[in-house]
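The values are calculated or read from the model by the stated rules, or taken from the named source; none is laboratory data. Predicted model, so just to flag it, every value in this text is computed and none were measured. A quick note on method: Cβ atoms are made from the backbone with ideal geometry, for glycine too, and the neighbour counts reach across all protein chains shown. All accessible areas refer to the heavy atoms of the entire protein, side chains included, with ligands and DNA or RNA removed. Shrake-Rupley method; radii C 1.70, N 1.55, O 1.52, S 1.80 Å.
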Amino acid sequence: MNALVRRANAEGGFATVLAKGDATAGAILIVAQERGKDPRLLERGIGPDGRTALISAGPAGESQAVTDYWIRRRRSDPDLWVVEVDIAAAERFVAETILTD
């Protein structure tokens, strides 16, 4: 997660870890937004072609609903990492940074 945060900050965006999960086994949930607007949740998963992809998760567009969702997820999965990223083309940026096959 440190690489994601450093890269976002270096490219003029903002990223922060909202909740730390397990360093080796924790899933990653991304709160992606651009200029503080239209937050959406993304997580690494398996796409329809069987390859690693970013998958939409939970509600989108309303900050409180997004926050409530990730807090509920953390209650049931304390190993979950939650990272907020605010940068132009956030989904592309996150995909380029955390997806590896």
Within the chain, excluding any trypsin sites (Lys or Arg not before Pro) found in a DSSP loop (not H, G, I, E or B) and having at most 12 other Cβ atoms within 10 Å, the longest uninterrupted segment runs 52-101
Could you look at the chain and say what percent of its accessible area is carbon and sulfur, using a 1.4 Å probe and all protein chains? 49 percent
